[in-house]
1. So, Ser347, is that one within 22 Å of the chain's Cα centre (by Cα), outside any strand (DSSP E or B) and among the small types (Gly, Ala, Ser) or not?
2. Determine if the stretch 151-165 includes at least one residue that is β-branched (Val, Ile, Thr), closer than 26 Å to Ala269 by Cα and within 16 Å of ligand 1 (Cβ to nearest atom).
3. Against the conditions (1) within 15 Å of ligand 1 (Cβ to nearest atom); (2) surrounded by fewer than 19 Cβ atoms within 10 Å (Cβ to Cβ), where does Ile344 fall short? Just the number, please.
4. Check Val272, Val304 and return the single one that is within 19 Å of the chain's Cα centre (by Cα), surrounded by fewer than 24 Cβ atoms within 10 Å (Cβ to Cβ) and either under 30 Å from Glu27 (Cβ atoms) or not aromatic (Phe, Trp, Tyr) (or both).
5. For residues in the stretch 91-117 being among the acidic types (Asp, Glu) and more than 10 Å from Met19 (Cβ to Cβ), which is surrounded by the most Cβ atoms within 10 Å (Cβ to Cβ)?
6. Consider Ser23 against the criteria (1) touching a residue at least 24 places away in the same chain (Cβ under 8 Å); (2) over 15 Å from Pro117 (Cβ atoms): it satisfies all of them except one. Which criterion is unmet?
7. Which of the following residues is over 28 Å from Leu125 (Cβ atoms), of a type in the set (A, V, I, L, M) and within 16 Å of ligand 2 (Cβ to nearest atom): Ile344, Ile330?
8. For the stretch 117-139, how many residues meet the condition of being of a type in the set (A, V, I, L, M) and farther than 14 Å from Met1 by Cβ?
Amino acid sequence: MNHLTEIAQKLPEYGLDAMLIASAPGERYAIGFHGEGLLLVSRSGVHYSTDGRYIEAARTQISGAAIALISPSRGHLALAGDFIRANRLEKVGFESGYLSVDALERYQKALPCQLVPAQGLLSGLRASKDPEELHAIRQAQKITDLAFKEVLNFIRPGLTEQEVAARLVYEMLRRGGERVSFDPIVAAGPNGSKPHAVPGQTTLEAGMFITMDFGCMWNGYCSDMTRTVALGQPTQEMEQVYDIVLQAQQAGIAAARPGVAGREVDAAARAVIEKAGYGPYFSHSFGHSLGLEIHEQPCAAATVDTLLPDGAVISAEPGIYLPGRFGVRIEDLLILHGDGCEDITASPKHLIVL
Ligand code: ZN
Ligand code: ZN
């Protein structure tokens, strides 16, 4: 998968002669490959330099770029400088969201051009997924759904949160997940009131809610889902809270479509939770974009005015967290398209009682 043409076409809009890319997700997006190298995309050509560890793979996997091998005397910046001079590139954009201040200083000293912060060029393109990217995300989510189905047979009283987390990882990797897209969250009972709880030695007991938030990667793209299940009969209050979170999620999903601002989607879900009196206990945003990285822009959050583009993939993950007692979160993935969205998470959403 390669997006060199799309990047080159965007350059005039940003007043740039080229885009310099060196971050792992930036490289992966641009050339479908990560070789810890340095990439320059211009309208007249593409230059990519890497080292001996990656050169063979780079030559076979990357199309549409001139590939250069660095040497002890001619490093990335020397080679990039040659390309900039040869092509008379004056204004070169850089990944201001990733490049460290130290690296920028080195680039400014070594490169014969003006460096312009241009994270928006890549982030904007990455926000709208093309069919190949959507296929990868669907594959990753399919594996994640299967792992959830499998782990339901495994969960029983006496297991620790860590054991459940380990099992989720195992089930995703053995089904073709390349790795986890983030460390899984498994939170039992009162731990569930911390949205980003770290799985520990707490043992699962009857009467507890167990929240599992997990995902994997397929061909470089992430999945992400959360389910809260009950171990044994839940109380009426637990059932009620679960139902409110589910209704909130459905309201957010109904509001999610290309062209709406992230805050509108968040507001639709938040209104349901506020109306039910749990407003202060929904302490995070409705959702985030994801793709090559687990958290991308734009988010479906109360402060975000950015419009969600066609092809955006966002999470739908409202929650209610009652400190010291229990928490509920339900998270699906949505592809925004046409006049609505497609929920690509296949796992059931009704309260599962084990
Ligand atoms: Zn998640
Ligand atoms: Zn998420």
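Each value in this text was obtained by applying a stated rule to the coordinates, not by laboratory testing. Just so you know, these numbers come straight off a predicted model, no measurement behind them. All Cβ positions, even for glycine, are placed from backbone atoms using ideal geometry, and neighbour counts span all protein chains on display.
1. Working: within 22 Å of the chain's Cα centre (by Cα): yes; outside any strand (DSSP E or B): yes; among the small types (Gly, Ala, Ser): yes.
Yes.
2. Let us first name the residues in the stretch 151-165 that are β-branched (Val, Ile, Thr), namely 151, 155, 160, 164.
From the residues that got through so far, the ones that are closer than 26 Å to Ala269 by Cα too are none.
Checked against the condition, which is being β-branched (Val, Ile, Thr), closer than 26 Å to Ala269 by Cα and within 16 Å of ligand 1 (Cβ to nearest atom), the stretch 151-165 yields no hits at all.
3. With respect to (1) within 15 Å of ligand 1 (Cβ to nearest atom); (2) surrounded by fewer than 19 Cβ atoms within 10 Å (Cβ to Cβ), Ile344 is out only on (2).
4. Details: Val272 fails: within 19 Å of the chain's Cα centre (by Cα).
The unique qualifying residue is Val304.
5. The extreme case among them is Glu105.
6. Among (1) touching a residue at least 24 places away in the same chain (Cβ under 8 Å); (2) over 15 Å from Pro117 (Cβ atoms), the lone unmet condition for Ser23 is (2).
7. Working: Ile344 fails: over 28 Å from Leu125 (Cβ atoms).
Going through Ile344, Ile330 in turn, just one is over 28 Å from Leu125 (Cβ atoms), of a type in the set (A, V, I, L, M) and within 16 Å of ligand 2 (Cβ to nearest atom): Ile330.
8. Filtering the stretch 117-139 for residues of a type in the set (A, V, I, L, M) gives 118, 121-122, 125, 127, 134, 136-137.
Those left that are additionally farther than 14 Å from Met1 by Cβ: 118, 121-122, 127.
Total satisfying the criteria: 4.
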